[in-house]
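One structure below.
The numbers here are math on the coordinates, done by the rules we state, and not lab data. Just so it is clear, the model here is predicted, and its values are computed rather than measured. Every residue, glycine as well, gets a Cβ built from its backbone with ideal geometry; the counts of neighbours run over all protein chains shown.
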Amino acid sequence: MKLRRLVAKNLRRLRRKGGLSQEELADRAGLNRNYIGMIEREENAPTVDALEQISEALGVDPIVLFQDR
């Protein structure tokens, strides 16, 4: 599985598990809601900095975004 697809899948799963909308996650991470949506739709590859912000906002270790589940 491509990393972009894996990150998108895990981001969506973790966000929903946490009961967060894209907008709520974006606010917590200090990112734009459209950017979160583009990552989830595999239209944009997130930067390392963005992955760190997202994982902190979700309360998970960044490596979780790369795990194939």
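If the requirement is being surrounded by fewer than 14 Cβ atoms within 10 Å (Cβ to Cβ) and in contact with a Ser or Thr (Cβ under 7 Å, 6 or more places away or on another chain), which of these qualifies: 49, 68, 61?
Step by step, each of 49, 68, 61 is checked, and only 61 is surrounded by fewer than 14 Cβ atoms within 10 Å (Cβ to Cβ) and in contact with a Ser or Thr (Cβ under 7 Å, 6 or more places away or on another chain).
Among the residues that make up segment 13-33, is at least one of them part of a helix (DSSP H, G or I), exposed (fewer than 14 other Cβ atoms within 10 Å of the Cβ), free of Cβ contacts under 8 Å to residues at least 24 places away in the same chain and touching a Pro at 6+ places or on another chain (Cβ under 9 Å)?
There is no residue in segment 13-33 that is part of a helix (DSSP H, G or I), exposed (fewer than 14 other Cβ atoms within 10 Å of the Cβ), free of Cβ contacts under 8 Å to residues at least 24 places away in the same chain and touching a Pro at 6+ places or on another chain (Cβ under 9 Å).
Yes or no: segment 38-50 includes at least one residue that is of a type in the set (S, T, N, Q) and in contact (Cβ under 8 Å) with a residue 40 or more places away in the chain.
no
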